[in-house]
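Reading through the structure tokens given below for one structure.
The values are calculated or read from the model by the stated rules, or taken from the named source; none is laboratory data. Computed from a predicted model, the values in this text were never measured in an experiment. Counting neighbours? That spans all protein chains shown, and the Cβs are built from the backbone with ideal geometry, glycine included.
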Amino acid sequence: MGELEWVEREQRLVRIRRVSAFMKWTVTVLLGLIFLIGVVLIVGIALPADLMIAPEETIEIADIERPLGEIPQLQRLFISAMTGVAFLLLMGAGWKLRQVFKRFQKMEFFSPKTLASIISFGSWLIGFAVFDLISDPVGSVLLTFDLPKGERSIDVTLDGGEVFILLLGALMLLFGWILREAALIADENRQFV
């Protein structure tokens with residue numbers, strides 16, 4: 001490797017370290033915000049009066065919207081639990097993404113921990129997408145469960161966001177598997193030399 005190639009490679013590695021460090025801290029801040037928003041929503045749905053949320057404030061699941069004050073406490077608790085699961089899955093994916101950036105910052109591109117984090121990130125995204133797909137029909141049933149027959153509903157929706165997250169999760173999972181195989185092949189090649 002010539003000196004010019006070595007300098008260019010070092011510049012690329014410095015850029016990778018800087019961007020990875022920036023993204024690691026960006027994801028960290030976003031995780032903090034997601035946590036705070038999640039706590040406010042979970043508690044706000046379960047106990048709206050305790051967070052100074054007016055009973056006339058509405059909650060919308062799928063295409064169904066109702067004022068919080070009209071929904072019985074038990075139903076609000078179940079809806080709150082569903083919200084908690086969604087935020088837990090989102091935070092799990094975010095934490096794994098943060099770990100990927102942390103490993104990239106340390107230049108650990110093919111380490112087992114990096115590859116495991118990439119695979120895990122994809123798995124968390126898939127889990128979030130699947131939960132998001134089933135949460136609309138389940139949530140709409142919970143939101144209208146106390147209403148008289150004929151006013152209860154189940155609403156099934158599918159939008160581009162859910163499909164995109166599912167595809168991105170599958171891509172990251174596959175990408176992690178492929179990188180793991182590439183690392184094994186590179187290790188085998190080093191042993192032959």
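What's the total number of residues in the range 148-159 that are surrounded by 13 or more Cβ atoms within 10 Å (Cβ to Cβ) and more than 10 Å from I61 (Cβ to Cβ)?
So the answer is 3.
If I ask for residues that are of a type in the set (A, V, I, L, M), touching a Phe, Trp or Tyr at 6+ places or on another chain (Cβ under 8 Å) and either under 25 Å from L13 (Cβ atoms) or outside any helix (DSSP H, G or I) (or both), which ones from the range 93-146 would you list? Show your work before the answer.
Of all residues in the range 93-146, those of a type in the set (A, V, I, L, M) come to 93, 97, 100, 107, 115-116, 118-119, 125-126, 129-130, 133-134, 138, 141-143.
Keeping just the survivors that are touching a Phe, Trp or Tyr at 6+ places or on another chain (Cβ under 8 Å) gives 93, 97, 100, 118-119, 142.
Residues satisfying the conditions are L97, V100, I118, I119.
Restricting attention to the range 23-46, report how many residues are surrounded by 15 or more Cβ atoms within 10 Å (Cβ to Cβ) and farther than 18 Å from L90 by Cβ.
1
Among the residues of the range 128-137, is any buried (at least 20 other Cβ atoms within 10 Å of the Cβ), in contact (Cβ under 8 Å) with a residue 60 or more places away in the chain, of a type in the set (D, E, K, R) and touching a strand residue (DSSP E or B) at 6+ places or on another chain (Cβ under 7 Å)?
yes
Can you tell which of F131, F109, F87 is out of contact with any Asp or Glu (no Cβ under 7 Å at 6 or more places or on another chain) and at pLDDT below 95? It would help to see each step written out before you state the result.
Numbers: F131 fails: at pLDDT below 95; F87 fails: at pLDDT below 95.
After ruling out the rest, the residue left standing is F109.
List pairs: first in the range 1-22 and surrounded by 10 or more Cβ atoms within 10 Å (Cβ to Cβ), second aromatic (F, W, Y) and assigned to a helix (DSSP H, G or I), Cβ under 7 Å, 6+ apart or cross-chain?
Once the first residue is surrounded by 10 or more Cβ atoms within 10 Å (Cβ to Cβ) and sits in the range 1-22, its partners that are aromatic (F, W, Y) and assigned to a helix (DSSP H, G or I) give I16/F104; S20/F101; S20/F104.
If you check L125, L143, which single one turns out to be of a type in the set (A, V, I, L, M), closer than 30 Å to L179 by Cβ and either surrounded by fewer than 16 Cβ atoms within 10 Å (Cβ to Cβ) or in contact with a helix residue (DSSP H, G or I) (Cβ under 9 Å, 6 or more places away or on another chain) (or both)?
The unique qualifying residue is L125.
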